[in-house]
Amino acid sequence: MKYGRILGGVAFAALMASPVWAQTLRYATVSEPPSLDIQMGTATLASTIGQHMFETLYAFDASAKPQPFLATGETISDDEKTITITLREGVKFHDGDEMTAEDVAASLNRWSEFGARGQLLGLEKAEATGPLEVTLTLAAANGAWKSMLAYQNGGPVIYPGDVASAAGGDQISPENYIGTGPYSFGEIRPNRYVELLRFDDYSKIDAPLDGQAGGRDANFEKLHFIPVPDVGTRVSGVQAGDYDYAEYISGDLYGGIKDDASIQVKISAAPIFGLMFMNSDSGPLKDNYALRRAIQMALNTEQALQVSVGEPELFKADGSFFPEGNVWYTEAGTEAYNNGDPEKAKAMAAEAGYDGTPIKLLVSTNYKEHYDQATVFTRQLADAGINVQMVVVDWATLLTLRGQPAEWDMFMTHHGAIPDPVLLTLMNDSYPGWWTTEEKQALAKKFTGTSDLEARQATWAELQALIYEQVPAVKVGNVYSFDIASPKLQTTWDSAPAFPHFFGASN
């Protein structure tokens, strides 16, 4: 059995038998990651690390189109509810066993039942219908099925079948972080690093790397992901040569380092956007959409972006959930965005029955932009007579507390670029916030029930308008965040992807 096997000896023996490769890549992160069982959570850092170990049936190319990856192709029934996927032959797990359809079926069934985004697919069952063939039965046609199988953040990465089956709804433990990727799990040293090791028996696709699709090369012997919560320390560490890469550099530092010869600036290839989620499960905001709209009316998001980001080229106050030029761009509902009218908000709050009850805003200082935006919003809401109390914790604690409805009324987070609206955390009924109204459910069913692009675009416009009406979350605005790197580090991308990867990278 694969379950329970510990990789240390296997990985060490493979490493010693391999040629000498480049030195360790040192990546300075904002904090320690939660579990690297990335089926079960949507934390950006966990996905950034985990994508080097775990792989999916499909992967996005540079144009964000899903391409076969662990899969080789598929056939689809006329009603679009049965999908038969063929798999690559000879793909090895880190424990040496070859991937089979049984592994894929077990992984997909676990994800669909317990995974962070699994319920969105509507998978009734996945079953092995041949050694390298898996058949998916959907409850209803889902036009986004291939994008969902390609998206790693909270997505259906493939584990050995007995690992997936034994874990069920529990987190997979580190000794069973077994995937098919170019790096295997090494160890976690709390407060020091997460270590991944080059996997010498990696089953590489014989095709050029294209985005995340195609052949993935592992040119480093080790990857170290090092928690460095202080942004200044991350910057000075890259300048001094202590780190090769550092993530989430605050916008107020951009002007001082953009021309620094000791640093490469890696501006994001696509905007991320801040979100302030509302609690739809309990507390003063539950079912009180009028009060939520009053909160939204009070917010000057452009001011929050100016304070939290600073440099004008690094942000845009835009209410659409997808940027202009994207196939999903729509202005539906955005007249409610960025009004910043405290007097009107005060009147709306009174009409909504607001009595001054404190509203708890959960935020972490690990992401400076989150904290700065929360501070600005708290002041703006005070001007509108809305009493907000900030609850400031570290990011790991926030991830725990946001799953406990009694602990917060609003919380700050951000969202990366995604290829399809169905992958928005807002669309996930089980994501903290728990937006599950009848209106949302009806539109979501309509949206996923067809592969017709024009029909889906029209329904997404309705959904975005509903977001501005029921306010499950407030969009802050588009932020073109930036990371930094050593001038020696060569990557296969110039602008930073949402989840920086180091396939084909070298020093």
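Per the listing 213, 218, 269, the residue uniquely farther than 27 Å from residue 193 by Cα and touching a residue at least 60 places away in the same chain (Cβ under 8 Å) is 213. Against the test of being crowded, with 17+ Cβ neighbours inside 10 Å and farther than 28 Å from residue 250 by Cβ, the options 317, 349, 298, 304 yield a single qualifying residue, 349.
When every residue of the stretch 338-360 is checked against the conditions, at least one turns out to be of a type in the set (Val, Ile, Thr) and under 20 Å from residue 304 (Cα atoms).
Given the structure, is residue 174 under 22 Å from residue 32 (Cα atoms), in the same structural domain as residue 41 (by TED's automatic domain parsing) and not aromatic (Phe, Trp, Tyr)? When the stated conditions are applied, residue 174 passes them.
If you check 186, 154, 161 for being small (Gly, Ala, Ser), buried (at least 24 other Cβ atoms within 10 Å of the Cβ) and more than 19 Å from the chain's Cα centre (by Cα), only one passes: 161.
None of 170, 201 is surrounded by fewer than 16 Cβ atoms within 10 Å (Cβ to Cβ) and touching a helix residue (DSSP H, G or I) at 6+ places or on another chain (Cβ under 7 Å) except 201. Based on what the data block shows, is residue 267 modelled with pLDDT of 95 or more, of a type in the set (Val, Ile, Thr) and surrounded by fewer than 20 Cβ atoms within 10 Å (Cβ to Cβ)? In short, no. When residue 311 is tested against (1) within 23 Å of residue 416 (Cα to Cα); (2) over 23 Å from the mean Cα position of the chain (by Cα); (3) at pLDDT 95 or above; (4) surrounded by fewer than 22 Cβ atoms within 10 Å (Cβ to Cβ), only condition (3) is not met. Taking residue 383 as the residue in question, decide whether it is more than 24 Å from residue 406 (Cβ to Cβ) and surrounded by 23 or more Cβ atoms within 10 Å (Cβ to Cβ). When the stated conditions are applied, residue 383 does not pass them. Of the residues making up the stretch 398-421, not a single one is aromatic (Phe, Trp, Tyr), buried (at least 20 other Cβ atoms within 10 Å of the Cβ), within 30 Å of residue 138 (Cα to Cα) and within 24 Å of the chain's Cα centre (by Cα).
The values are calculated or read from the model by the stated rules, or taken from the named source; none is laboratory data. The model shown is predicted, which means the values in this text are computed figures rather than measured ones. Ideal geometry is used to build each Cβ from the backbone, glycine not excepted, and the neighbour counts take in all protein chains shown.
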